[in-house]
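The values are calculated or read from the model by the stated rules, or taken from the named source; none is laboratory data. Worth saying up front: this structure is predicted, and the values here are computed from it rather than measured. No Cβ is skipped: glycine too gets one built from the backbone with ideal geometry, and neighbour counts run over all protein chains shown.
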Amino acid sequence: MIFFNNITKVYPPYLTKKEKVVLDNVSFKVEKGEFVSLVGSSGAGKTTLFNILLGEEEPTSGRVFIEDTDVHKASPADSCRIKRRIGTIFQDYRLLSSKTVYENIAYAMEVTGVSDEEIERYVPEVLDTVGLLEHAMHFPYQLSGGEKQRTAIARALIHDPDVILADEPTGDLDPYNAKEVLNLLLDINKEGTTVILATHNKEVINGLRRRVVTLKDGRVASDSKQGRFTL
Ligand SMILES: Nc1ncnc2c1ncn2[C@@H]1O[C@H](COP(=O)(O)OP(=O)(O)OP(=O)(O)O)[C@@H](O)[C@H]1O
Ligand SMILES: [Mg+2]
């Protein structure tokens, strides 16, 4: 379970006299295994909320819990353990351009100390899951946008995460590739992984019929079970 408890984030004034309140007492819970879309116009604070959950930014006030652990009070060891339980994907894929699909995933495992045998066993398995076995030896420039994003999803799966944070993952994709990526996220969710999807893509949201949390003016403007895009 993830619990955002009264999160406020204020950025100090810069060039202007006014401080910027990005998040204003945002509270909601995400239960294990849920698929939740986080909706809000550009600048609404979706990425900020993800960064706070990842412990990469401090909230100005409020707390975030993952199970019983307060993300911002966790010891460095606990913090590391928490981060491993969360896989992240982004609009711009963030693949290494000089490495193949296989190497992008293998490298992410290598840097976290996974053994060579484990990497050799696991990478083909995860590539099969995302339907990219035939592209294993291709470089990012040889892939479609959807294939790049599926590579990024494979990389996010390497530690068998409890949660996937997807920050506008379909932003650069045409409707066909967007649907493919979304279906993959739904499949991953079916296997029990919690998915939080930040997006301002109306079609994506309305097709999902899943829970939608809408951020507006720094607050949770609505939270509905089979939500529609209402901004
Ligand atoms: N380090 C920072 N200093 C000052 N302001 C910041 C900082 N980081 C983010 N902001 C501001 O906080 C607001 C929220 O940004 P955020 O990136 O969370 O929005 P978002 O909902 O993810 O938008 P988008 O849909 O465009 O990705 C924006 O107005 C942004 O300019
Ligand atoms: Mg963002």
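Answer yes or no as to whether Ala152 is of a type in the set (Gly, Ala, Ser) and either within 16 Å of ligand 1 (Cβ to nearest atom) or within 20 Å of the chain's Cα centre (by Cα) (or both).
Answer is yes for this residue.
Filter the range 32-74 for residues that are among the acidic types (Asp, Glu) and within 16 Å of ligand 2 (Cβ to nearest atom) and give the result.
Glu56, Glu57
Looking only at the range 1-43, count how many residues are farther than 24 Å from Thr193 by Cα and in a loop (DSSP other than H, G, I, E, B).
11
Going through the range 82-109 one residue at a time, which ones are in contact with a Pro (Cβ under 9 Å, 6 or more places away or on another chain), in a helix (DSSP H, G or I) and modelled with pLDDT of 95 or more?
Within the range 82-109, Val101, Tyr102, Asn104 qualify.
Test of understanding: among Ser37, Ser98, Ser61, which residue is among the small types (Gly, Ala, Ser) and surrounded by 14 or more Cβ atoms within 10 Å (Cβ to Cβ)?
Ser37
Between residues in the range 46-66 that are outside any helix (DSSP H, G or I) and residues that are among the acidic types (Asp, Glu), which pairs lie under 6 Å by C-beta distance while being six or more apart or on different chains?
Arg63/Asp70
Residue pairs, Cβ under 6 Å, 6 or more apart or interchain, first in the range 184-195 and within 14 Å of Leu208 (Cα to Cα), second in a helix (DSSP H, G or I) and of a type outside the set (A, V, I, L, M). List them.
That search, which allows pairs on different chains as well, returns Val195/Asn189.
Does Ile105 qualify as being within 16 Å of ligand 2 (Cβ to nearest atom) and under 23 Å from Phe139 (Cα atoms)?
So Ile105 does not fit the description; no.
Could you tell me whether Val30 is under 23 Å from Val181 (Cα atoms) and in contact with a Leu (Cβ under 7 Å, 6 or more places away or on another chain)?
no
Please enumerate the residues belonging to the range 75-102 that are farther than 24 Å from Leu173 by Cβ and either within 16 Å of ligand 2 (Cβ to nearest atom) or of a type in the set (D, E, K, R) (or both).
Scanning the range 75-102 gives Asp78, Arg81, Lys83, Arg84, Arg85.
Does the range 61-71 include one or more residues that are at pLDDT 95 or above, of a type in the set (Phe, Trp, Tyr) and within 15 Å of the chain's Cα centre (by Cα)?
No, the range 61-71 has no match at all.
For the range 8-31, which residues satisfy the criterion of being within 16 Å of ligand 2 (Cβ to nearest atom) and touching a residue at least 40 places away in the same chain (Cβ under 8 Å)?
Passing the criteria: Lys9, Val22, Leu23, Val26.
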